[in-house]
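A.B. asks: Handing you a structure now.
Derivation of every value follows stated rules applied to the coordinates shown; laboratory data play no part. Quick caveat, the model's predicted, so the values are computed rather than measured. Cβ: placed from backbone, ideal geometry, glycine included. Neighbour counts: every protein chain shown.
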Amino acid sequence: MKSRVLVTGANGQLGKTIRELSSDFKHSIDFVFVEKSELDITSSESLELFFQASNFDYCINCAAFTNVDLAETETEKAINVNANAVKNLAINCKKQDIILIHVSTDYVFDGKKKLPYIESDATNPINFYGESKLLGEEYIREYLDHYFIIRTSWLYSRFNKNFVKTVFNKLKNNEKLTIITSQKGTPTSCNDLSYFMLFLISDAIKIFGTYHFSAQGETTWYGLGMQISKYLNKNSNVTPLKNYPSKAQRPLYSVLNNNKAEELLQKPLKNWEDSVDEVIKGLSNKSH
């Protein structure tokens, strides 16, 4: 029997990626994609009525307030989307016996560790975005037993606005860029993350809990910029910058340990360089 899956935040880069890949899973999954104008997940009432009228097996929550700097001033909005809406989803998933797959972030950690973070490491966010996402996680654990919280990092895709796409377009236009070297993490392709979430559904995985999912390896934002510039033969256009002032503090080291996800998949995850090249190749073909 097919699984019926609701995807919230359908207009974000992750939602759009899942939609693009959904045809690969059409034999086993029926998808329903909703954006904010169709379903306001911050409204408990709307959510309850929507869930009652439908018969979902899973909900993939891609809706999030992801502007890290803006979250420092628009705290209410960040809490509403990243925490209160998640609480609503958790309560209603519990009522309707729906499995929730929720996307969280490496920014729940403070970045003081020197080794990749495992799922059970102590959380200690150093910016409001991280705090709001952590609160969302806590609500899920409070209300649900059947959930997957997936922490990921530095997401990019060929959709919407993201670092990889922005740098690619600027370098293609021969712009000069200075990119910071102070933060270490792992760029993660929305393609790879989407396939992981759809694997959880199509293989009916029931080992619930919190998982880390990123590409393998680590780099800085400058290293990521250089990977893009290498592809375009524009290495001289990118220069390193130690740091730049921003509203929100960021963890200096937020690499995630993916062993738990790899055990589920029973195969190693891709290296970040390969995944970046794959997306850039798609952007190159599109721009020709």
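A.B. asks: Once phi is turned into θ = phi - 60°, what whole-Hz ³J(HN,Hα) does the Karplus curve with 6.51, -1.76 and 1.60 give for every residue of region 129-144, x standing for Gly and Pro?
C.D. replies: Rounded to whole hertz, the list is 4, x, 4, 5, 5, 5, 4, x, 4, 4, 4, 4, 5, 6, 9, 10.
A.B. asks: Now for a different question. Under a Cβ-only charge scheme (Lys and Arg +1, Asp and Glu -1), can you give me the dipole magnitude of region 152-288 about the Cα centre, in debye to the nearest 20?
C.D. replies: The calculation lands at about 620 debye.
A.B. asks: If you don't mind, another one. Hey, got a sec? Which GluC sites (Glu not before Pro) in region 89-178 land in a DSSP loop and have at most 12 other Cβ atoms within 10 Å?
C.D. replies: Those that pass, being in a loop and sparsely packed, are 175.
A.B. asks: Further question on the same structure: Given labels modelled 7 Å from the Cα in the Cβ direction, how far is it in nm from residue 118 to residue 243?
C.D. replies: Distance between the two pseudo-spin positions: 3.0 nm.
A.B. asks: Pick from 207, 91, 99 the residue whose mean-square fluctuation is largest in a GNM of the chain, springs joining Cα atoms under 10 Å.
C.D. replies: 207
A.B. asks: Right, here's the next one. With θ set to phi - 60°, apply the Karplus curve 6.51 cos²θ - 1.76 cosθ + 1.60 along region 9-22 and write out the HN-Hα couplings as whole Hz, x wherever there is a Gly or Pro.
C.D. replies: Those phi angles translate into x, 5, 8, x, 5, 6, x, 5, 5, 4, 4, 5, 8, 4 Hz.
A.B. asks: Something else: In whole percent, what relative contact order does the chain give with Cα contacts below 8 Å and a gap of six or more residues?
C.D. replies: Value for the chain: 21 percent.
A.B. asks: At a Förster radius of 41 Å, what calculated FRET efficiency corresponds to the Cβ-Cβ distance of residue 169 and residue 145, to the nearest 0.05?
C.D. replies: On the way: r = 44 Å, r/R0 = 1.08.
With a Förster radius of 41 Å, E is 0.40.
A.B. asks: Around residue 222, with a cut-off of 12 angstrom between Cβ atoms, what is the net charge of the other residues, counting Lys and Arg +1 and Asp and Glu -1? Let's see the in-between values first.
C.D. replies: On the way: positive: 184, 242; negative: none.
Around residue 222, the surrounding residues sum to +2.
A.B. asks: Which order do peptides 108-118, 12-22 fall in by mean Cβ count within 10 Å, highest first? Present the calculation step by step, with values, prior to reporting the outcome.
C.D. replies: Working: 108-118: 17.0, 12-22: 20.5.
Most protected by this proxy first, the peptides run 12-22, 108-118.
A.B. asks: With a/c under 1.5 counting as rounded, go ahead and sort region 56-96 into rounded, prolate or oblate using the C-alpha gyration tensor (a ≥ b ≥ c being the square roots of the eigenvalues; past the cut-off, prolate if a/b is larger than b/c, else oblate).
C.D. replies: oblate
A.B. asks: Report, ordered by chain and residue number, the lysines lying within cross-link reach of residue 36, taken as a straight Cα distance under 19 Å and ignoring same-chain residues fewer than 8 apart.
C.D. replies: List returned: 16, 77, 87, 133, 161.
A.B. asks: Quick query: amide H of residue 117 versus all other amide H atoms, modeled in the peptide plane; which residues come in under 5 Å with a sequence gap of 5 or more or a different chain?
C.D. replies: 255, 256, 257
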